[in-house]
1. Order of 59-70, 38-49 by packing, highest average Cβ count within 10 Å first?
2. Using a 1.4 angstrom probe, figure out how much accessible area the stretch 33-112 has per residue, in square angstrom, rounded to the nearest whole.
3. Test of understanding: what is the full-extension gain from E8 to L34, defined as 0.36 nm times their sequence separation minus their Cα-Cα distance?
4. Could you give the length gained on full extension between E78 and A104, defined as 0.36 nm per residue of separation minus the Cα-Cα distance, in nm?
5. Which percent of the accessible area of the stretch 20-112 is formed by carbon and sulfur heavy atoms (probe 1.4 angstrom)?
6. Report, in debye and to the nearest 20, how large the dipole of the stretch 35-112 comes out about its Cα centre when Lys and Arg carry +1 and Asp and Glu carry -1 on their Cβ.
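The values are calculated or read from the model by the stated rules, or taken from the named source; none is laboratory data. Keep in mind that this is a model prediction, so the values were computed, not measured. Reconstructed Cβ throughout: ideal geometry from the backbone, glycine too, with neighbour counts over all protein chains shown. Accessible surface areas use protein heavy atoms only, side chains included; no ligands, DNA or RNA. Shrake-Rupley method; radii C 1.70, N 1.55, O 1.52, S 1.80 Å.
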Amino acid sequence: MNSMPDIEPPPPKERPIKHAYCYRSGKIEFGAALPEGTRPLGKARSARKLREIVTVNARHHYDGTTLLVPGAPEADTEDDAIAAYCYFRDVVSMRLAGQSGWPARQGSQPAS
């Protein structure tokens, strides 16, 4: 009889969480971790899904490769830049959750 030892398969590899983040300038980048001084936009186990959602909803720079948070580069004040960031972050979060529609804008009042 041929007795071979039972060999257990290796455990499945954990896929690292991918992050999308931006700088104050509005420039968006992706990575396995958040660099210091950046603002998180979203995270997902699927880098492809995260990149697709961010790319579809971001503003595209004229160079054809740089992605920007809509409204952040031209913001006149830090408050305007933060509002643009928060809105875009909420859009990304909704899309990652499979939700359609648009988040409410900060400080917006319903029309009367």
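1. Details: 59-70: 13.5, 38-49: 16.3.
So the peptides 59-70, 38-49, ranked by packing, come out 38-49, 59-70.
2. On the way: 5350 Å² over 80 residues.
Heavy-atom accessible area per residue stands at 67 Å².
3. Details: separation 26, 0.36 × 26 = 9.36 nm, distance 3.56 nm.
Contour length minus the Cα-Cα distance gives 5.8 nm.
4. Details: separation 26, 0.36 × 26 = 9.36 nm, distance 1.97 nm.
Length difference between fully extended and current span is 7.4 nm.
5. Working: 2980 of 5890 Å².
Taking all protein chains in place, the stretch 20-112 shows 51 percent carbon and sulfur surface.
6. Working: 10 positive and 9 negative charges, 133 e Å.
Here the stretch 35-112 has a charge dipole of around 640 debye.
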